[in-house]
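Everything on this sheet refers to the single structure shown next.
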Amino acid sequence: MRRPLSRGGPWRLTKRVIESDLLDPYEKLVAIEVLGRRVEVPERNRLLRCFQFLSLETISYGDFCWNGDCTNCQFWYHEEEQTEAQDKTALSCRFDVREGLVITRLSPHIEIEGINK
């Protein structure tokens, strides 16, 4: 976002923090891969919230406890430079999203519009 330094004067770039009732505040979207599809999601958020950003209705009405007790949000992943043989599992409600994340498998409870639904 640009704001004038003075009336009619030069412009300067300022950071824009996006706030939402659903997501933690973020400044930009980061690229991740979900089941072979590249998507962009808000930085500094839990992965389950990012899935909700991508598919509001299917995640909002899904069967999730949001605190790690149910394990319905489990997923398999590796980093960009790794292979599927190096996959790890995690719970998306407790996992902070990061640039370059490669998600190779999702729990059957996670349905994301346009990706696996």
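Which of Val102, Phe51, Leu23 sits farthest toward the positive end of the charge dipole of the chain, with +1 on the Cβ of Lys and Arg and -1 on the Cβ of Asp and Glu?
Farthest towards the positive pole: Leu23.
Taking the Cα-to-Cβ direction at Asn67 and at Glu33 and moving 7 Å from each Cα, how far apart do the two end points lie in nm?
Taking the simple label geometry, Asn67 and Glu33 are separated by 3.6 nm.
Taking a quarter of the surface of the convex hull around the Cα atoms of segment 17-106, what do you get in nm²? Working shown, then result.
Working: hull surface 22.3 nm².
About 5.6 nm², averaged over all directions.
Quick check: pseudo-label points 7 Å beyond the Cα along Cα→Cβ at Asp21 and Thr83, how many nm apart are they?
Placing both labels 7 Å along Cα→Cβ, they lie 4.8 nm apart.
Once label points are set 7 Å from the Cα along Cα→Cβ at both Glu57 and His109, what is their separation, rounded to one decimal in nm?
That separation, rounded to one decimal, is 2.2 nm.
Every read-out reported here was derived from the displayed coordinates using simple, explicitly stated rules and does not represent laboratory data. Just so it is clear, the structure is predicted and the values come from calculations on it, not from any experiment. Neighbour counts are summed over all protein chains in view; Cβ atoms, including those assigned to glycine, are modelled from backbone coordinates with ideal geometry.
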